[in-house]
Amino acid sequence: MSFKVRSSKFRHVYGTALKREYCYDNIRVSKSSWDSTFCAVNPKFVACIVESAGGGAFIVLPLSKTGRLPADQPVVGGHKGPVLDIAWCPHNDNVIASGSEDCVVKVWQIPDGGITRTLTESVVDLIYHQRRVGLVLWHPTARNILLSAGSDNQVVIWNVGVGEPLIHIDCHPDIVFSASWNFDGSQLLTTCKDKKLRLINPRSGEILQEAICHEGSKASRGIFLKGGLIFTTGFSKLSERQYSLRSPEKLDDPIVMVELDTSNGVMFPLYDPDTSMIYLCGKGDSVIRYFEITAEHPFVHYINTFQTPDPQRGIGMMPKRGCDVSICEISKFYRLNNSGLCQAISMTVPRKSELFQEDLYPDTIGDIPAIDAEDWFNGQDAEPILISLKDYHQPTRLPTASEMKVAKKPNILDKPSANKTVKSSSNNTTATPVAKPQFNQPQQSIPDDIVKEFKEEIRKLKAMIVKHENRIRALEARAAEDTTDAAKDSGDSLVLKNNDQNDVETKDNDTEYVDTNDDDD
């Protein structure tokens, strides 16, 4: 009897934990009970949410700054409440967004070398939510598009470049647990506390499909895969952890539904579209399970489990352009432990050759946006711009921050009250443009008589300045002459005084000589 062995390049993928000196230690990990990854990384920085007195904060460290952190490590601390979620901008490695219990979303600009003192001034504050903001998510292809979801059951899509909300989606009866864009950002997937999975048109808020995600009451998560399929994690009625694979056309009929274990920790699915691999990282777990998605039955193939001695508090996944292709590294994770250690874990494919492995590294998503926020809002979609890692990867590469500019705007509370949303007549959905910015507005023209008056005043001021300059020069010249004359008079007086003194001394000598002769006589 013969057995067919499935062929896969990733059958022997193994994980390696870096030594402690190459990790980050002494981090005051946040004690918040919110189900978030608490960690976000990109090719330049690693950011971790930390415990902070008097508000919320997170730390941002350059990847090269490893080792034990000082007790007075500078933080990003402008929030008035604990920070619940952070996300790096995919198109600018120096821009990060944060959501907090103070109901505000802030966008920060991080300098290339990291922060040297506590940063409290954000680039822009996004104010709309009425309750805490527990989810922030950047658009994969459009510049400056950011999604936020709060405990007020609202989903808001922002144009960060002008600091205005573009779309307001009100179709969730309870808290939104997770959100995910599809590959080109034309559809939105959400999971909610009402146990439902929703496929939404993000521009109109229309629910395209909805179904029960997992029957358990604990938090569930859902992500879009590159081919259009949907992968979810959650709990069964008996609190058993599950994962499923679904088609967008039949959300209520999973292709695969598998039970893993009975742990209580929420599982975070982390997806690599280049290798079609999914990594399941449970909160409180000490393992990372990884699977490969294929078109063959059973579609979700278990590969292996990476075991660690300590449970994880949070985890962040490095974008593919931050992996080291010279050692066949296909994924890299940063695990945040309760002990305050942020541990780097490298997932590697064993290969003997040191040359670039083209089969392991197809063209991947780059850091260049495909479209602008205005184009996306007007209905245009575009797939991510792909780059080759063969010539891209350089260990010391520092992408410039000039690829995306975040303009600071006045407080949104100063805007007219007309920016409020107006609900549609539908009973279950509401998605209205909110404060749609007027792009490329012409500046208000100034009357010609006012311009002429300003020019006349400028001319008079220039004439007055010239007049004063001439007067100052004349006074300076006069003062210099007076100083020269005074010095000359002083010198003449000194000469006269010396001459008079010499005459007196000569007269005295003559007198003494005469008196001496008289005595001799």
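Below, the figures for the structure above:
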| read-out | value |
| --- | --- |
| Accessible area expressed per residue, the range 166-265, with surrounding protein chains retained (probe 1.4 Å, Å²) | 38 Å² |
| The range 30-124 - percent of accessible surface contributed by carbon and sulfur, probe 1.4 Å | 49 percent |
| Additional length obtainable on full extension of the chain from ASN470 to MET257, 0.36 nm per residue less Cα span | 67.7 nm |
| Accessible carbon and sulfur surface of the range 204-288 relative to its total accessible area, %, 1.4 Å | 47 percent |
| At q = 0.09, 0.10, 0.14, 0.16 Å⁻¹, base-10 log of I(q)/I(0) for the range 1-160 (Debye sum, equal scatterers on each alpha carbon) | -0.34, -0.41, -0.71, -0.89 |
| Quarter of the Cα convex hull surface for the range 110-155, i.e. its orientation-mean projected area (nm²) | 4.6 nm² |
| Stretchable slack from THR116 to ASP485, in nm (0.36 nm times residue separation minus alpha-carbon distance) | 126.9 nm |
| Nonlocal amide H pairs with HIS91, under 5 Å, H built at 1.01 Å | none |
| Cβ-defined net charge surrounding GLU21, 14 Å radius [Lys, Arg +1; Asp, Glu -1] | +3 |
| Entries of LYS332/LYS390; LYS80/LYS320; LYS106/LYS283; LYS226/LYS390; LYS193/LYS283; LYS196/LYS283 with Cα pairs more than 29 Å apart | LYS80/LYS320 |
| Per-selection Rg to Rh, the range 116-239 - Cα, Kirkwood hydrodynamic radius | 1.00 |
| Alpha-carbon gyration tensor eigenvalues x 5, square-rooted, for the range 308-365, Å | 27, 12, 7 |
| Spin-label model distance (nm) - ASP375 vs SER8, 7 Å beyond Cα toward Cβ | 3.7 nm |
| Per residue Cα convex hull volume in Å³ - calculated over the range 240-340 | 126 Å³ |
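The values are calculated or read from the model by the stated rules, or taken from the named source; none is laboratory data. Keep in mind it's a predicted model, so treat the numbers as computed, not measured. Ideal geometry is used to build each Cβ from the backbone, glycine not excepted, and the neighbour counts take in all protein chains shown. Keep in mind that these areas ignore ligands, DNA and RNA; they rest on the heavy atoms of the full protein, side chains included. Shrake-Rupley method; radii C 1.70, N 1.55, O 1.52, S 1.80 Å.
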